[in-house]
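These notes concern the structure reproduced below.
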Amino acid sequence: MNKDNCFELGYIAKVHGLQGEVVAVLDVDFPEDYEDIEHVFVDQNSRLVPYFLEHFVLQPNGRILAKFEGFDDKDSADNLVGSALFLPLKDLPKLQEDQYYFHELVGFEVEDQNLGAVGNVTVIYDLQTQHLLGLDHQGKEVLIPIQEGIIQKVDKTAKKVYCQLPEGLLDIYLED
């Protein structure tokens with residue numbers, strides 16, 4: 001399994017107790033959608049390694065208490081702390097027609113209501129403070145916030161992101 005066929009579910013934050021349990025933080029909108037998973041892929045030295053779960057339980061604080069098969073003490077579980085957790089893209093919950101996952105937007109054409117086509121999405125920056133579309137416009141990388149008021153509509157069939165860019169946004173990136 002490689003990362004191109006997967007999405008990052010979250011990461012292992014710390015060890016919990018002495019029996020090999022860990023606390024995982026999920027970077028998803030609905031953690032409860034993943035309560036019944038039986039395995040995950042763990043990023044180990046830039047390779048995705050499958051690990052089977054003894055349990056994966058949602059906690060009241062939104063974190064997950066997990067126990068991996070073969071990790072029966074604190075020392076073995078310590079090796080997992082900080083590792084990213086992945087699942088295959090096919091395991092993403094199905095969305096309604098007007099919803100989308102950020103990774104789906106890569107390759108979509110961005111069209112501003114005043115300027116027309118401005119470029120294609122090359123990358124999504126999923127930052128803690130906000131999410132950004134990265135696109136190439138006249139040889140420069142332009143970052144567009146993914147937020148209401150700017151992103152007007154996403155047409156998955158036409159592979160287009162319709163937006164209303166703030167006045168002067170493109171000019172900032174084109175200045176030398």
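The values are calculated or read from the model by the stated rules, or taken from the named source; none is laboratory data. Since we're looking at a predicted model, the values are computed, not measured. Neighbour counts run over all protein chains shown; Cβ positions are idealised from the backbone, glycine included.
Can you give me the number of residues within segment 132-152 that are surrounded by fewer than 17 Cβ atoms within 10 Å (Cβ to Cβ) and part of a loop (DSSP other than H, G, I, E, B)?
5
Can you pull out the residues in segment 1-29 that are in a loop (DSSP other than H, G, I, E, B) and out of contact with any Ser or Thr (no Cβ under 7 Å at 6 or more places or on another chain)?
Hits for segment 1-29 are MET1, ASN2, GLY17, LEU18, GLN19, ASP27, VAL28, ASP29.
Could you pull out every one of the strands (runs of 3 or more DSSP E) wholly within segment 30-121 that has 1 or more residues that are among the polar types (S, T, N, Q) and modelled with pLDDT under 95?
Counting at least 1 such residues, we get 39-44.
Could you tell me which numbered condition ASP126 fails, if it satisfies all but one of (1) within 22 Å of ASP27 (Cβ to Cβ); (2) free of Cβ contacts under 8 Å to residues at least 24 places away in the same chain; (3) surrounded by 11 or more Cβ atoms within 10 Å (Cβ to Cβ); (4) not β-branched (Val, Ile, Thr)?
Of the numbered conditions (1) within 22 Å of ASP27 (Cβ to Cβ); (2) free of Cβ contacts under 8 Å to residues at least 24 places away in the same chain; (3) surrounded by 11 or more Cβ atoms within 10 Å (Cβ to Cβ); (4) not β-branched (Val, Ile, Thr), the odd one out for ASP126 is (2).
Would you pick out the residues in segment 161-174 that are under 16 Å from ASP136 (Cβ atoms) and not in a helix (DSSP H, G or I)?
Within segment 161-174, VAL161, CYS163, LEU165 meet the criteria.
Go through segment 70-86 and give me each residue that's in contact with a strand residue (DSSP E or B) (Cβ under 7 Å, 6 or more places away or on another chain) and exposed (fewer than 12 other Cβ atoms within 10 Å of the Cβ).
GLY82
Restricting attention to segment 87-94, does a residue exist that is within 24 Å of LEU133 (Cβ to Cβ) and without any contact (Cβ under 8 Å) to a residue 12 or more places away in the chain?
Yes - at least one qualifying residue is present in segment 87-94.
Residue by residue through segment 153-176, note down the ones that are surrounded by 11 or more Cβ atoms within 10 Å (Cβ to Cβ) and either β-branched (Val, Ile, Thr) or in contact (Cβ under 8 Å) with a residue 60 or more places away in the chain (or both).
Passing the criteria: VAL154, VAL161, ILE172.
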